[in-house]
Amino acid sequence: MELVKSAHFTLAMISILLFSYRFVLLMRNPKKLSQKWLKILPHVIDTILLLTGITLMVSLSLYPGEHDWMLEKLLALVAYIFTGFYTLKWARTDAMKYLGYLGALGWFILIIKLAMTHQTMFL
Ligand code: HEM
């Protein structure tokens, strides 16, 4: 399982890098956001990130029903996806975009903290 865990960790880092890169383009050169590789790669990475997460959850029996940190991690994942979507698609003003990006980053950091410490923050 160590290999899957390393892959999961690496994919998580690539995911936040791609999201941050798309945020930089959004603020500086939004036309470049429609490049084909940026329409595809982030979704491929995030799908494999999710699949490796599910693989770890099932093989280590770390289910959200028994582990509050896992439940919080999945809720934080929903919030991360939502704030990410908000930042790149719905936010109208620059202030809203910055706020959305900081929000997404906060949820991402919480997800990493939960995965590493197994200590809940909200539940
Ligand atoms: C944005 C999404 C995610 C991020 C940033 C993330 C991040 C991480 C990190 C940093 C680790 C620790 C890896 C290590 O110890 O080397 C981890 C472990 C783990 N993740 Fe995720 N993860 C995400 C999504 C998911 C999902 C969707 C699931 C399950 C459905 C999941 C289940 C797990 C499990 C079971 C572990 C192993 C925990 C342990 O053995 O202590 N992750 N994750």
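The values are calculated or read from the model by the stated rules, or taken from the named source; none is laboratory data. In this text, all values refer to a predicted model and were calculated from it rather than measured experimentally. Quick reminder, even Gly has a Cβ in these numbers, built from the backbone with ideal geometry, and neighbours come from all protein chains shown. All accessible areas refer to the heavy atoms of the entire protein, side chains included, with ligands and DNA or RNA removed. Shrake-Rupley method; radii C 1.70, N 1.55, O 1.52, S 1.80 Å.
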* To do: Beyond 19 Å between alpha-carbons counts as too far, so tell me which of 32/89; 39/113; 36/97; 32/97; 39/73; 36/89 fall in that bin.
  => 39/113; 36/97; 39/73
* **Contact order relative to length of the chain, as percent, for alpha carbon pairs under 8 angstrom and 6 or more apart** => 25 percent
* Structure fact -> Under the 7 Å Cα-to-Cβ spin-label approximation, residue 119 and residue 7 lie apart by a distance in nanometres of 3.1 nm
* Asked: If you keep only loop residues by DSSP, which GluC sites (Glu not before Pro) in the range 1-97 have at most 16 other Cβ atoms within 10 Å of their Cβ?
  -> 66
* Structure fact -> The answer for the per residue Cα convex hull volume of the range 19-73, in Å³, is 83 Å³
* To do: Could you tell me what percent of the accessible area of the chain is made up of carbon and sulfur, with a 1.4 Å probe and every protein chain present?
  => 71 percent
* **Accessible area (Å², per residue) of the chain, counting only protein heavy atoms and a probe of 1.4 Å** => 64 Å²
* To do: Mind jotting down the three principal axis lengths of the chain based on Cα atoms? Whole angstrom, largest first.
  => 44, 30, 17
